[in-house]
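Novice: To start, I am sharing the structure in question, which I have written as structure tokens.
The values are calculated or read from the model by the stated rules, or taken from the named source; none is laboratory data. Keep in mind it's a predicted model, so treat the numbers as computed, not measured. Cβ sites come from the backbone with ideal geometry, for glycine too, and all protein chains shown count toward neighbours.
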Amino acid sequence: MTTELPKQYEPQAAQQRWYSQWEQDGRFDADPNPDKQPHTIMIPLPNVTGALHMGHALNGTLQDLITRWRRMQGYEALWQPGTDHAGIATQSVVERRMLEEEGLTRHDIGREALVERIWKWKDEYEARILNQLRQMGASCDWRRTRFTLDEVCSAAVRKTFFKLFSEGLIFRGKRLVNWDTFLQTAVANDEVFHETVPGHFWTFTYPVAGSDEKIAFSTTRPETMLGDSAVAVHPDDERYKHLIGTNVVIPLTGREIPIIADGQLVDKELGTGAVKVTPAHDHNDYACGQRHGLELINILNADGTINEAGGPYAGMDRYDARKKCIADMEQLGHLVEIEDREIEIAHSDRSKTPIEPYLSDQWFVAMQDLAQAAIDAVEDGRVRFFPARYSKTYLDWLGEKRDWCISRQLWWGHQIPIWYCDSCTEAELQAAFADRDDVAFRRDAEDTIWLICSETDLAEDALGGDHKLTRDPDVLDTWFSSALWPHETLGWPEKTESLDYFYPGSVLITSRDIITLWVARMVIMGLYNMGDIPFAHVHIHPKILDGFGQTMSKSKGNGVNPMDLIDKYGTDALRFTIASFAGESQDVKLPVGYECPHCGNVIPQTLKHQKAIPAGGDKPRVKCDKCKQESQFSSAWFDPDPGEPVARIVSERFEYGRNFCNKLWNAARFAIMNLEGYTPGEISESELRLEDRWILSRLSRTTRAVNELLSEYKFDAATRTLRDFVWNEFCDWYVEMVKPRLRDEAAQASSQRILVGVLDGIVRLLSPFTPFVTEELWSRLNEIAPERGLFEPQTAADSCMIAPYPDFPADWQNEGLESEFARLQETIVAVRNLRAVYRIANAVELKLHIRCSAEVAAELNDVASQFENLAKAELVAAGPDVDSPPASASFSLTDADGFVPLEGIVDLDAELKRQQAEAEKIRGHIAGHEKKLSNQNFVDRAPPHVVEDVRETLAGLKKQLESVDEIIGQLSG
RNA sequence: GGGCGAUUAGCUCAGUUGGCUAGAGCGCCACGUUUACACCGUGGAUGUCGGGGGUUCGAGUCCCUCAUCGCCCACCA
């Protein structure tokens, strides 16, 4: 009737078939529905810079898991997809490539052409990324896919900027920024990395004006002498106290600057105790300059050359100027010492060139009130972090309330909607924009120019022919638009139905490194624009590290491509394994290896492999330790030569998921093979056997645990719970126990109904974790048993992913029955153990005598056939009067002793030794317990139930020991 | 320098509010093709729970301290 299932689950076919089917059926679509509760997850938008990595795979798996789970629970579940334009990251990737391949810089081709190229890049990579998400089974509502430069997002950005500007929360100011002289842009702190390089530490002197004295100081950047505004000493430093208030002369330029006292900047014990102060080129000096009202002397042009403030050095590159400053100072007799020293130099993460602290005009958002609102939202519990400890990261950062620099000197992004006019009057502006409520203007802080903010683009001649408007060329920080993600994607500032229904979101799932950059800012902007939090929960998941505990990154060459893993192990295996990683406590190490293309052997990856960069001729190779052949391998540093067999990166960790999927597949395969002649029908209580009631009890308990664990984002525990249940309980015990009934005509109908009912529940439980294999099985079950269920048969849903998520009655749970079952299991294991110890072949039938209470005997007799079935042993006697037959091997449980006559097989000496070892072990446990109980403090102070437990356990152990001793007596007698 | 986290079997990790005779997967050993599955089954071995103090009747779990590792923030004239 049905075609037989293959012995192994074949993921690739199922993945292709079902994903397109789901999309075709609109299964991922989420629309406002008054009859359902909304459940909203906004994707942490991937950058359009490259391909998905393991971090995305983890992040995406968890979001999809929660979305699928909630969808099955009956929520209108939206998973909003999209990508981020990622300002600097994308622009610099495109620029770098352009330079490498064509020798062109952005200045060669101009703004428009560069932006056009980046759009092309974006189209290609966005498509690739979204396609990779699909391969991971992501159930995003693709109709809603957004890109942060989409029209709706632009509108939201404009609106927000305008609102902030109008309310005085956006201002323009001079600030020291991290300047990338190569890309000619400010870069954020998080885009800066520090590298230790060998350098020098120069000590110079400045002569004190009108005196013979000199004051010595040290620096690692001599050219900044050109911009010095003061020399600072510690107010308590006896060496220099008398000089405070006098002036020194900078020999290079002849400029006079004061000696000031600053206890914050200066540490008496360090260096000479005197510090040159360059407020325009050093962050600490800047703060010092603010304290003392020092002049800000900017000596650099945007490209890193010295500007006119540098006098004779103007026009030189800063490093050439450095050499000349040193030479000149030496010639003037002011160079004291050169010391070789390792220096940490800030580098731009994008261009990999050294950063210069640089004074420039930037736009800021005033954070005082905005940050406070976001702090309140977490402190009063409207936004909750899982795990809770991460709220500290969030609160600490927001607590600093540092103004947010939102301007970036880039061409790729949302251009700042500000126009300047330096010639017009207020009256002219008012006249021009009288009827415009989307235009606002004011003077800048220094009262030099008009700042005009508009929600729509203004023409150059918007003020008439006399005045020219020029637009600020800068773009906004990427995070400005992504901060709006949770509401802009739903149509804000329009009051759309979707916005009303899906906002605020349910949970944000992301990794900890963007708690400040992104999570905090979404809360801020959500509260500001919507008057409501963007999401109720924030789940922070672990990071996947390489086998050596390092974060995976392109620059380390230790990345792993999830698509390779999908190819090798299947999507479900990847998802299931990844979910098993995602616990609360720590990051996860993922050792990987190279799969030998010749023999399939996996060669462990070493640090050397990660760093192997081809130098000249041949590409690096990896040697297989099994077949001794060499091959090129997947690497971040080179593409293997065409036609070469390639050792790709795999990880045996994913066999965990693959094997599990296969186990599930085969359990279902077994069931389906045994559903011949299945008829749907009600299952009555009276038909239930011990194993049925047991598996239902376990199923109910498992279901409940999984639902609870998922609601707390404990994916690892949920995964383990399911695996244990399916493999160790359902497959290992239940399926084995029903086998005889399925062959027995009288019992067949009901056992088929129960079996398929339980399997149906398992498949639904697993569907959010492993959507493809479950859907495949679901469709097979729909062919052979379209009506099924516990206890009333119902027509199954067309697709597993829209079937209701299980929520079995709690009253199926039965603790007494489970412990009764546990005794049966123990007994069977004990018999199997004897078989193994005495090497008795399965074909040899054993006889089993059990001494136990009449009550236990009755229970065992009820399931006597299972001893035959599972241990190939016949239960010949059970009860209080059972004696050990001669030449028996035996085992002893808490409330039963078992004897297996093994005439001619059992080696009585060996058996004696085995029992003696057993007795020894029990005595050890007994001693431990007795010690506890003999401690009066324990008996008096420990809770009564704990004491009672210990007493009971001890009694059990003693009884067990008695039996063992008796056996020993018989054996040695 | 400040904060957070980690250190448990050869490897990768679980271990809820202290009650543990410390678990899982992989790997290892022995046996096994019993018609769901060798991506399997059955049985087995393996730990001073990083070191040292303390609190407690009782510590893998709480506190202090040291060591090592990771991440975040700040800073390094």
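One line per residue, one yes/no per condition, for (1) part of a helix (DSSP H, G or I); (2) within 9 Å of RNA strand B (Cβ to nearest atom); (3) more than 24 Å from A:R68 (Cβ to Cβ); (4) at pLDDT 95 or above:
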residue	(1), (2), (3), (4)
A:N707	yes, no, no, yes
A:R723	yes, yes, no, yes
A:W727	yes, yes, no, yes
A:C731	yes, yes, no, yes
A:M737	yes, no, yes, yes
A:R741	yes, no, yes, no
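Novice: Would you confirm, using the coordinates I've provided, whether A:G50 is among the small types (G, A, S), in contact (Cβ under 8 Å) with a residue 12 or more places away in the chain, more than 30 Å from A:W179 (Cβ to Cβ) and out of contact with any strand residue (DSSP E or B) (no Cβ under 8 Å at 6 or more places or on another chain)?
Specialist: No: the conditions fail for A:G50.
Novice: For region A:577-592: of the residues being of a type in the set (G, A, S) and within 11 Å of RNA strand B (Cβ to nearest atom), which is nearest to the chain's Cα centre (by Cα)?
Specialist: Taking the candidates together, the pick is A:A582.
Novice: Residue check: is A:L574 within 15 Å of RNA strand B (Cβ to nearest atom), aliphatic (A, V, I, L, M) and part of a helix (DSSP H, G or I)?
Specialist: Judged against the criteria, A:L574 is a match.
Novice: Scan region A:12-33 and report the pairs whose first residue is of a type in the set (S, T, Y) and whose second residue is in a loop (DSSP other than H, G, I, E, B), with Cβ atoms within less than 8 Å and a gap of 6+ or a chain change.
Specialist: Every condition considered, the pairs that remain are A:Y19/A:G137.
Novice: Hey, can you tell me all the residues within region A:921-973 that are away from RNA strand B (no atom under 12 Å from the Cβ), assigned to a helix (DSSP H, G or I) and surrounded by fewer than 12 Cβ atoms within 10 Å (Cβ to Cβ)?
Specialist: Selection gives A:G969, A:S972.
Novice: Shifting gears a bit: Any residue that is of a type in the set (A, V, I, L, M), under 17 Å from A:I524 (Cβ atoms), more than 13 Å from RNA strand B (Cβ to nearest atom) and surrounded by fewer than 21 Cβ atoms within 10 Å (Cβ to Cβ) - is there at least one of those in region A:381-396? Explain how you work it out, then say what you get.
Specialist: The initial filter retains those residues of region A:381-396 that are of a type in the set (A, V, I, L, M), namely A:383, A:388, A:395.
Remaining after also requiring under 17 Å from A:I524 (Cβ atoms): A:383, A:395.
Adding the requirement that they be more than 13 Å from RNA strand B (Cβ to nearest atom) leaves A:383.
After this cut, where a residue has to be surrounded by fewer than 21 Cβ atoms within 10 Å (Cβ to Cβ) as well, the list is none.
Scanning region A:381-396 turns up no residue that is of a type in the set (A, V, I, L, M), under 17 Å from A:I524 (Cβ atoms), more than 13 Å from RNA strand B (Cβ to nearest atom) and surrounded by fewer than 21 Cβ atoms within 10 Å (Cβ to Cβ).
Novice: Here's something else I'd like to know. For region A:32-42, enumerate the residues that are surrounded by 14 or more Cβ atoms within 10 Å (Cβ to Cβ) and either under 28 Å from the mean Cα position of the chain (by Cα) or at pLDDT below 95 (or both).
Specialist: Matches in region A:32-42: A:P38, A:H39, A:T40, A:I41, A:M42.
Novice: Identify all residues within region A:316-335 that are outside any helix (DSSP H, G or I) and surrounded by fewer than 17 Cβ atoms within 10 Å (Cβ to Cβ); write none if there are none.
Specialist: Selection gives A:D317, A:L332, A:G333.
Novice: OK, next. Within region A:790-814, count every residue that is without any contact (Cβ under 8 Å) to a residue 40 or more places away in the chain and either within 16 Å of RNA strand B (Cβ to nearest atom) or crowded, with 17+ Cβ neighbours inside 10 Å (or both).
Specialist: 2
Novice: Give the residues of region A:282-315 that are assigned to a loop (DSSP other than H, G, I, E, B) and of a type outside the set (A, V, I, L, M, F, W, C), sorted by residue number.
Specialist: Selection gives A:D282, A:G293, A:E295, A:N298, A:N301, A:D303, A:G304, A:N307, A:G315.
Novice: Which of the residues that make up region A:532-566 are in contact with a strand residue (DSSP E or B) (Cβ under 9 Å, 6 or more places away or on another chain) and away from RNA strand B (no atom under 13 Å from the Cβ)?
Specialist: A:I533, A:P534, A:F535, A:A536, A:H537, A:V538, A:H539, A:G559, A:V560, A:N561, A:D564, A:L565
Novice: With respect to A:Y313, is the statement that it is closer than 30 Å to A:S166 by Cα and either crowded, with 18+ Cβ neighbours inside 10 Å or small (G, A, S) (or both) true?
Specialist: So A:Y313 does not fit the description; no.
Novice: Tell me, please, whether a residue that is over 26 Å from A:L508 (Cβ atoms) and not small (G, A, S) can be found in region A:524-538.
Specialist: Looking for residues that are over 26 Å from A:L508 (Cβ atoms) and not small (G, A, S), one finds none in region A:524-538, hence no.
Novice: Which residue, of A:L565, A:L545, is out of contact with any helix residue (DSSP H, G or I) (no Cβ under 8 Å at 6 or more places or on another chain), surrounded by 17 or more Cβ atoms within 10 Å (Cβ to Cβ), over 30 Å from A:S481 (Cβ atoms) and of a type outside the set (F, W, Y)?
Specialist: Going through A:L565, A:L545 in turn, just one is out of contact with any helix residue (DSSP H, G or I) (no Cβ under 8 Å at 6 or more places or on another chain), surrounded by 17 or more Cβ atoms within 10 Å (Cβ to Cβ), over 30 Å from A:S481 (Cβ atoms) and of a type outside the set (F, W, Y): A:L545.
Novice: Tell me, yes or no, whether region A:894-904 has at least one residue that is closer than 21 Å to A:S819 by Cβ, outside any strand (DSSP E or B) and in contact with a strand residue (DSSP E or B) (Cβ under 7 Å, 6 or more places away or on another chain). Don't jump to the end; show me each part of the working.
Specialist: Within region A:894-904, the subset closer than 21 Å to A:S819 by Cβ is A:894-898.
Adding the requirement that they be outside any strand (DSSP E or B) leaves A:894-895.
Those still in the list that are in contact with a strand residue (DSSP E or B) (Cβ under 7 Å, 6 or more places away or on another chain) too: A:895.
The answer is yes; a qualifying residue exists.
Novice: Given the conditions (1) surrounded by 17 or more Cβ atoms within 10 Å (Cβ to Cβ); (2) charged (D, E, K, R); (3) away from RNA strand B (no atom under 16 Å from the Cβ); (4) under 19 Å from A:A371 (Cβ atoms), and given that A:D477 satisfies all but one, which numbered condition is not satisfied?
Specialist: (3)
Novice: Can I ask one more? For residues that are out of contact with any helix residue (DSSP H, G or I) (no Cβ under 6 Å at 6 or more places or on another chain) and acidic (D, E), tally how many sit in region A:659-691.
Specialist: Number of matching residues: 3.
Novice: Return the residues of region A:639-659 that are in contact (Cβ under 8 Å) with a residue 60 or more places away in the chain and more than 8 Å from RNA strand B (Cβ to nearest atom); say none if nothing qualifies.
Specialist: The answer is A:R648, A:I649, A:V650, A:S651, A:F654, A:G657.
Novice: Just to be sure I understand, how many residues within region A:514-552 are without any contact (Cβ under 8 Å) to a residue 12 or more places away in the chain and under 14 Å from the mean Cα position of the chain (by Cα)?
Specialist: Residues that pass the stated criteria total 1.
Novice: Within region A:213-223, is even one residue within 13 Å of RNA strand B (Cβ to nearest atom), within 17 Å of A:L359 (Cβ to Cβ) and modelled with pLDDT of 90 or more?
Specialist: Yes: one or more hits.
Novice: Sticking with this one: How many residues are away from RNA strand B (no atom under 15 Å from the Cβ) and assigned to a strand (DSSP E or B) when one looks only at region A:224-255?
Specialist: Number satisfying all stated conditions: 2.
Novice: Tally the residues that are within 12 Å of RNA strand B (Cβ to nearest atom) and surrounded by 23 or more Cβ atoms within 10 Å (Cβ to Cβ), restricting the search to region A:203-212.
Specialist: Taking region A:203-212 as the starting set, the residues that turn out to be within 12 Å of RNA strand B (Cβ to nearest atom) are A:203-204.
So of that shortlist, the ones also surrounded by 23 or more Cβ atoms within 10 Å (Cβ to Cβ) come out as A:204.
Final tally of qualifying residues: 1.
Novice: Output the residues belonging to region A:432-454 that are of a type in the set (S, T, Y) and closer than 20 Å to A:R158 by Cα.
Specialist: Within region A:432-454, the first condition is being of a type in the set (S, T, Y), and the residues that meet it are A:448, A:454.
Across region A:432-454, the qualifying residue is only A:S454.
Novice: Next up: For region A:173-196, which residues satisfy the criterion of being more than 12 Å from RNA strand B (Cβ to nearest atom) and either surrounded by fewer than 20 Cβ atoms within 10 Å (Cβ to Cβ) or on the phi > 0 side of the Ramachandran plot (or both)?
Specialist: A:G173, A:K174, A:R175, A:F182, A:Q184
Novice: In region A:261-287, what residues are farther than 17 Å from A:W202 by Cα, among the aliphatic types (A, V, I, L, M) and more than 7 Å from RNA strand B (Cβ to nearest atom)?
Specialist: Matches in region A:261-287: A:A261, A:A280, A:A287.
Novice: Taking the stated definitions as given, is A:I343 under 31 Å from the mean Cα position of the chain (by Cα), part of a strand (DSSP E or B) and closer than 28 Å to A:D513 by Cα?
Specialist: In short, no.
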